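**Student:** Quick one: the structure is below, and I'll ask about it shortly.
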Amino acid sequence: MNLDFTTLAQHPRLLIEADLKPLQGSRFQPTGFPDLGAAVYEGPDGEQMLLVESAQSMANRLETVCWDEQADDWVDALKGLPVIKVSDKSGQALTNSVLEAHRINSPYILEGKDKTVFDQLKQELADMEEGRVDIRRLASVLMRLDTNSLLHGVFLAKKELAGGRLRLPRSLSAFIEASQVKVAASGGVKNDSVNPSGDTAKGFGNVPFARDEYVSPGITAYFNLDLSQIRAFGLGDAANQLLIALALYKIRRFLDEGLRLRTACDLELTALRVTRPDEFEMPSRDALESALPDMISACADLFAEPRITQVTYGK
C-alpha cells in the first residue's frame, strides 16, 4: 500500500493532538521530578496545568513500543531497519541503540574495548573539528547505522568526534499535558503486623504516607514532527517518506499500546486530530504496517549491511 504524503511537501511541521482520559475512574498519576514532584504550573489564562509526561520520557516511550523484547528485534512492520546491538563477552544481549538512553552515543556502544562504531564514526565525521558541521553527512551516517536516531535526535559528545559538536535535535517530539487540574489527595499505610512499632529506618513498623493524584477535564498528548529538518537531511524522497511513516507509526502504536504510563496512570485515546496542516489525514495503523516494509526495502542502499551492527561490551 502506498501512503500519500504530498500534502506535507510544503509544510515545515506536522502537528497532531490526541485526547486522552483515564481508562478507569477519574484519577491519574503524573510523572514526578526530583526535588519538584508533580510539575504543576499556571497556564497563560491562569488555569492550573499539569505536565503528565515530559518530552524526554515520551521520546523513550515512542521507541519502546517499536521493539519486541522477547525477539530482541524490531516489531514486524519495522524489521530491516538498521540497529546497533550490544552483547557481553559471552554473547548475551545487553542493550541496543533503540532502547539506550543516549542511543548511538551510549557508553556501551562507544566506551567499551570494542571500537567498531567509534572508529567508524571517527573515520567518517572527525574531520569536522573546525568550521560548520556537515549535517547532511552526519544524517547519512546515522541513516546507515541507526536510522531511528534521525527521529529521536542525537548528541555525540566525544571530543574525538568533531570536537563534540555532532548533534541533531529531535525530529519527532511529544509531551502530555492536563488542564484545569485539581488534586485528588489520598494516602495509605505500610503495615507491619509483626512489629508495628519497629525501626522504620530499617523497613520495620507501620509507615503512613500521603499521596497526591490528579483529576482533569482535559488530558492531551501533543506530537510535533519537524518536516523541514527531515528534508534538510538531504537523504532523498524515499528516505523522507520512510522517516515520516516511521514517526507516524510510532505515534499510532504508542496510542494503541503504550498508554499505561504508570501503575496509577493508565489512559486511553478518545480522539485524534491533525491540527497542521489540517488537510492531512492521519494514516491508520494498518495502512502504515502495510506500507512500511516496502518503504524500508526502497532505502536499502542507504543502510549498513548487515543491518545489525554488533558490538561487544567489556570494560
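The values are calculated or read from the model by the stated rules, or taken from the named source; none is laboratory data. Note that the structure is predicted; figures quoted are calculated from it, not measured. A quick note on method: Cβ atoms are made from the backbone with ideal geometry, for glycine too, and the neighbour counts reach across all protein chains shown.
**Student:** Every residue in the stretch 184-216 that is of a type in the set (Lys, Arg) and touching a strand residue (DSSP E or B) at 6+ places or on another chain (Cβ under 9 Å), please.
**Tutor:** The initial filter retains those residues of the stretch 184-216 that are of a type in the set (Lys, Arg), namely 190, 202, 211.
The answer is Lys190, Arg211.
**Student:** If we scan the stretch 182-193, do we find a residue that is within 28 Å of Thr275 (Cβ to Cβ), of a type in the set (Val, Ile, Thr) and surrounded by 13 or more Cβ atoms within 10 Å (Cβ to Cβ)? Give the steps one after another, and end with the answer.
**Tutor:** Step one: of the stretch 182-193, the residues within 28 Å of Thr275 (Cβ to Cβ) are 182.
This time we only want the ones that are of a type in the set (Val, Ile, Thr), so: none.
Checked the stretch 182-193: no residue is within 28 Å of Thr275 (Cβ to Cβ), of a type in the set (Val, Ile, Thr) and surrounded by 13 or more Cβ atoms within 10 Å (Cβ to Cβ).
**Student:** Which of the residues that make up the stretch 62-102 are assigned to a helix (DSSP H, G or I) and either crowded, with 17+ Cβ neighbours inside 10 Å or not assigned by TED's automatic domain parsing to the domain that holds Glu289 (or both)? Walk me through how you get there before you give the answer.
**Tutor:** Residues of the stretch 62-102 assigned to a helix (DSSP H, G or I): 62-64, 76-78.
Listed by number, the residues that qualify are Leu62, Glu63, Ala77, Leu78.
**Student:** Applying the selection to the stretch 202-217, what residues are surrounded by 14 or more Cβ atoms within 10 Å (Cβ to Cβ), of a type in the set (Gly, Ala, Ser) and either under 23 Å from Pro30 (Cα atoms) or in the same structural domain as Ser284 (by TED's automatic domain parsing) (or both)?
**Tutor:** Within the stretch 202-217, Ser216 is the sole residue that qualifies.
**Student:** Let me ask another. Is it the case, given these coordinates, that Lys115 is in the same structural domain as Leu246 (by TED's automatic domain parsing), surrounded by fewer than 21 Cβ atoms within 10 Å (Cβ to Cβ), among the basic types (Lys, Arg) and more than 21 Å from Phe155 (Cβ to Cβ)? Working first, answer last.
**Tutor:** Details: in the same structural domain as Leu246 (by TED's automatic domain parsing): yes; surrounded by fewer than 21 Cβ atoms within 10 Å (Cβ to Cβ): yes; among the basic types (Lys, Arg): yes; more than 21 Å from Phe155 (Cβ to Cβ): no.
Considered against the rule, which asks whether it is in the same structural domain as Leu246 (by TED's automatic domain parsing), surrounded by fewer than 21 Cβ atoms within 10 Å (Cβ to Cβ), among the basic types (Lys, Arg) and more than 21 Å from Phe155 (Cβ to Cβ), Lys115 comes out as no.
**Student:** Condition test on Lys113, is it of a type in the set (D, E, K, R) and more than 18 Å from the chain's Cα centre (by Cα)? Let's see the steps before the verdict.
**Tutor:** On the way: of a type in the set (D, E, K, R): yes; more than 18 Å from the chain's Cα centre (by Cα): yes.
So Lys113 fits the description; yes.
**Student:** Yes or no: the stretch 142-157 includes at least one residue that is surrounded by fewer than 15 Cβ atoms within 10 Å (Cβ to Cβ) and in contact with a helix residue (DSSP H, G or I) (Cβ under 6 Å, 6 or more places away or on another chain).
**Tutor:** Looking only at the stretch 142-157, we keep the residues that are surrounded by fewer than 15 Cβ atoms within 10 Å (Cβ to Cβ), and these are 157.
From the residues that got through so far, the ones that are in contact with a helix residue (DSSP H, G or I) (Cβ under 6 Å, 6 or more places away or on another chain) too are 157.
Among the residues of the stretch 142-157, at least one is surrounded by fewer than 15 Cβ atoms within 10 Å (Cβ to Cβ) and in contact with a helix residue (DSSP H, G or I) (Cβ under 6 Å, 6 or more places away or on another chain), which makes the answer yes.
**Student:** Next question. How many residues, within the stretch 158-167, are among the small types (Gly, Ala, Ser) and buried (at least 18 other Cβ atoms within 10 Å of the Cβ)?
**Tutor:** We begin by selecting, within the stretch 158-167, every residue among the small types (Gly, Ala, Ser); these are 162-164.
Checking which are buried (at least 18 other Cβ atoms within 10 Å of the Cβ) leaves us with 162.
Residues meeting the conditions: 1.
Yes or no, residue by residue, for (1) β-branched (Val, Ile, Thr); (2) exposed (fewer than 12 other Cβ atoms within 10 Å of the Cβ); (3) modelled with pLDDT under 95:
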position	(1), (2), (3)
Asp19	no, no, no
Ser26	no, no, no
Pro30	no, no, yes
Asp45	no, yes, yes
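**Student:** Within the stretch 203-242, track down each residue that is polar (S, T, N, Q) and under 23 Å from the mean Cα position of the chain (by Cα). Let's see the steps before the verdict.
**Tutor:** Applying the first criterion (polar (S, T, N, Q)) to the stretch 203-242 yields 206, 216, 220, 224, 228-229, 240-241.
Result: Thr220, Asn224, Ser228, Gln229, Asn240, Gln241.
**Student:** Out of (1) modelled with pLDDT under 95; (2) out of contact with any Pro (no Cβ under 9 Å at 6 or more places or on another chain), the odd one out for Gln241 is which?
**Tutor:** Exception for Gln241: condition (1).
**Student:** I've got another one for you. What tally of residues in the stretch 125-137 results from selecting those that are touching a Lys or Arg at 6+ places or on another chain (Cβ under 9 Å) and assigned to a helix (DSSP H, G or I)?
**Tutor:** Step one: list which residues in the stretch 125-137 are touching a Lys or Arg at 6+ places or on another chain (Cβ under 9 Å), which gives 125, 128-129, 133.
With assigned to a helix (DSSP H, G or I) added as a condition, the list becomes 125, 128.
Of the residues in that region, 2 qualify.
**Student:** Test Lys122 against the stated conditions and say whether it is in the same structural domain as Gly258 (by TED's automatic domain parsing), surrounded by fewer than 19 Cβ atoms within 10 Å (Cβ to Cβ) and not in a loop (DSSP other than H, G, I, E, B).
**Tutor:** Details: in the same structural domain as Gly258 (by TED's automatic domain parsing): yes; surrounded by fewer than 19 Cβ atoms within 10 Å (Cβ to Cβ): yes; not in a loop (DSSP other than H, G, I, E, B): yes.
Judged against the criteria, Lys122 is a match.
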